[in-house]
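The values are calculated or read from the model by the stated rules, or taken from the named source; none is laboratory data. None of the values given here were measured: they were computed from a predicted structure. Don't worry about glycine lacking a Cβ; one is built from the backbone with ideal geometry, like all the others, and counts go over all protein chains shown. Keep in mind that these areas ignore ligands, DNA and RNA; they rest on the heavy atoms of the full protein, side chains included. Shrake-Rupley method; radii C 1.70, N 1.55, O 1.52, S 1.80 Å.
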Amino acid sequence: MSRVYEELDPAYATACSDVTLYSNSKGFFSAIADEAVAMASADQWLHKFEKVDDAKKVATVIANKELMGWLNGVLGRASALHRGKDARVSRDCRENAARALRSGQIKEALALASQAVLRAPLTGSEEAIDGGVTLALALWTRAQALHHAGYARAALADLKLALKERLPARMRPQYYWHMGHCYKDVGELTRAKVSYELAGRLLAADEEAKSQLNKDIESLRYCAAPAPPVHKPEVTVTGEAKQNMPALSKLVKITEEEDKGRFAVANSRVKTGDVLLVDSPYAACLLTDCYGTHCLHCFKRLDDYHEEAPVWCPKCSRVAFCSMACRDIAVVTYHSYECQFLDLLIGSGMSILSHIALRMVTQAGLATSLSIHSKYLSNNEKTVEGVVLNDIEGVTKKSKIKSRKERLNRAKKGLKTLNDKNVKDDNMNAKEEEINKIDDKMTFEEKLELRAAEIYSLCTHSEQRKGADYLKRIVMGMFLTECLRKAGIFKKCEKDNLEIEEMAICELLVRNLQLLQFNAHEIYETLRGTHQFAGSKPLYIAVGIYPTGALFNHECYPAVARYFEGRKIVLRAIRPLEPGDVISENYGPHFMVRTLKERQRSLASRYWFRCACVACCEDWPMLKQMASDAPPYVRCPNLSCSAKFKASPQNVPNRCARCAVNMDIQLVKVFVETVDRCVKLYQEGAQLMDEERSEEAIAAICAGIDEFHEAGCAPHRDTHLAQEALRSCFAAFGNVHRVFVAHADEKPDANAEHERSALATQQQV
């Protein structure tokens, strides 16, 4: 089979493929991969290996005794390596935090106190330092810093944790006194009074302290409860969600063509601004550069102390979590296997995609991962329809997960029958509740296994993969399998099955490494200064694999913009679409900032396809090549015709070259006036953005873009700039982090910002 990347730039394609697996400049894995390829190239073995069926490739490598002898010696040296706890470091950080707090350096005190918490060993593990309560003392100090910084609720959370971690009894009077202050500041006055009274009972004969405590109790009479916090509603898809694919709006459907695979198209008319997808990741990993700033599990900013302050991993000091809830989820699933090898994995130089490949196994556990391997790698007899409907084939009737899925499907079929018969609403509601109850009873592993049906139907392009590239991925799979083995994931395996199960996990990892190369999304948050839009830019913090989101194909002139709300990906339309139109995403190269040749090279080398979108077929000019005063393209008066022409007075043809309909000069004039009116709406939207009135700006820009497409056609400079402005407005409703910006009143050039964001906000791994 011909490989499109070899036709354009094979060396660049190899570099692009390698970087999705490991770094060439950091870590030791690149040297291992290169040596393995060099050894395998002897006697034409690598050439023969390339022709082996995918299902037999891992076994073929294992059968190569010379190569495996060397790999076993190298990979066998892998051992646990992570940043552990240190009571002395924690104590020093705590003492420095206390000094910073006394000096009024609140921000520094908070940072040091958090380090003290994260580096503290578990209570009772190092009795020689602080009597084994280093963690409790660190939490106490951080609670004080949080309270001084105005985060009373987070301070309360730390105080409660400090008590659980055996805060010394001699500190109890001050503990309850401080707790009373915190309850007072969050408006829980009854609890504040109870805490003050408990402190009073423990103060014994300290009359001066009791006198001050009585004043604090008296002050509660004059306190007004603060306003409740404002909770931002979660985004939902426009209209109703599809029953079989709840992440997707009913405005969208998934179709399939032989040369394009599965992709999203409009099922009904889509308006600009419609929310078409809200999808949760099957698996996602935080970038290592963000370990100190974001929660490992949910990716929330750690310096958002409104509810809780960062909490610790019980074993390592490399990562942190935004809450005990996130910590507990991570520790009971993936982090228990990854934690002890985290520094080794980072030091290997493996890519974030390699980490996600590992996470897809560690989050599921051994039993579920083996079941997934059995269903989706060993059994290839699954249909597209089965995958889209999230039906799992090849499972015996006795399977618990199959049984529950069958019950869920039967309930849904019953719901449809009831609907067809026009039964009463209360019966419909009862049936919907029954479905929800069935779904709620499913365990995390069962739900994961169901979603795996969508994940393992995604493209891998294995038929286009060279032998050397495939071998490198198998070596990475073996390295990760070795780490899992030493982390204890196979400890309950029977000895006779150990080799079989290790090979199955390695094969699953190799499959993960292939599909992630083409289907993962970078997750970003928007950094902003004092102004909501001026100078804002995306910061990439994580990478995830989205089962439904991965089905949207690329075009260099995309139909949607994406942003992220927590870990969820949101796709919103940035231009109107008619039924049957492709709903395209953008994987990086955008026609506004990259030439046709550059885009084709990038897409062929990175994603192994030749783009045939309208911007490529017509070779649209880049933004900087578009004149702002150029006559716009307008559509043919025949609405069923897709032809367009420049609407200059000297260039109106007598009839359409495509459909031969006669041109009406007056109608063309109306089209031009419509385009001018749209430009004024774009300008109005820009003014509203300057005034930080996001929702009104979105309404004005969406109205302008919708109206433009009734008369005009792309490319059109003002409309493309409006679409990029709309992208910024959408992102403002997602993950946003406000940072201090010097000279915040200096606003950058709007066009330059749009040109940068055209590519920056659309990057995909």
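Treating the beta-carbon of each Lys and Arg as +1 and of each Asp and Glu as -1, no other charges, what is the dipole magnitude of the chain about its Cα centre, to the nearest 20 debye? Its charge dipole is roughly 1400 debye.
Viscosity 1.002 mPa s, temperature 20 °C: Stokes-Einstein D of segment 250-317 from its Kirkwood Cα radius, in µm² per second?
For the chosen part, D equals 132 µm²/s.
One equal scatterer on each Cα of segment 168-304, no solvent, Debye formula: the resulting log10 I(q)/I(0) at q = 0.11, 0.17 Å⁻¹ is -0.72, -0.99. Sequence-ordered 3J(HN,Hα) estimates for segment 247-258 from the Karplus curve with 6.51, -1.76 and 1.60 and θ = phi - 60° stand at 6, 10, 6, 5, 6, 10, 9, 9, 10, 9, 9, 4 Hz, glycine and proline given as x. Within the assembled protein chains, the solvent-accessible surface assigned to TYR176 is about 50 Å², based on a 1.4 Å probe. For segment 66-187, relative contact order (Cα pairs under 8 Å, six or more residues apart, normalised by length) works out to 20 percent.
Please tell me which of these pairs span more than 30 angstrom C-alpha to C-alpha: LYS232/LYS260; LYS160/LYS210; LYS253/LYS447; LYS253/LYS646? Among LYS232/LYS260; LYS160/LYS210; LYS253/LYS447; LYS253/LYS646, the Cα-Cα distance tops 30 Å for LYS232/LYS260; LYS253/LYS646. Convex hull volume per residue, computed on the Cα atoms of segment 606-666, equals 121 Å³. Among the protein heavy atoms, those of VAL672 account for about 40 Å² of accessible surface (1.4 Å probe, every chain in place).
Against the empirical 2.2 N^0.38 Å (N residues), the chain has a Cα radius of gyration ratio of 1.09. Split the accessible area of the chain by element, probe 1.4 Å, and carbon with sulfur accounts for 50%. Toward the positive end of the charge dipole of segment 102-182, with +1 on the Cβ of Lys and Arg and -1 on the Cβ of Asp and Glu, the farthest Cα among HIS147, LEU135, SER114 is that of HIS147.
Each of TYR540 and GLU208 was given a label point 7 Å from its Cα along the Cα-to-Cβ line. The distance between the two points is 6.0 nm. Pairs of alpha-carbon atoms within less than 8 angstrom and 6+ residues apart define the contacts here; what relative contact order does the chain have, in percent? It comes to 15 percent, rounded to a whole number.
Accessible surface computed residue by residue for the chain, with neighbouring protein chains in place and a 1.4 Å probe, gives 46 Å² per residue. For the chain, hydrophobic long helices are taken as DSSP H runs at least 27 Å long by C-alpha position along their axis with mean Kyte-Doolittle hydropathy of 0.5 or more; these are 498-519.
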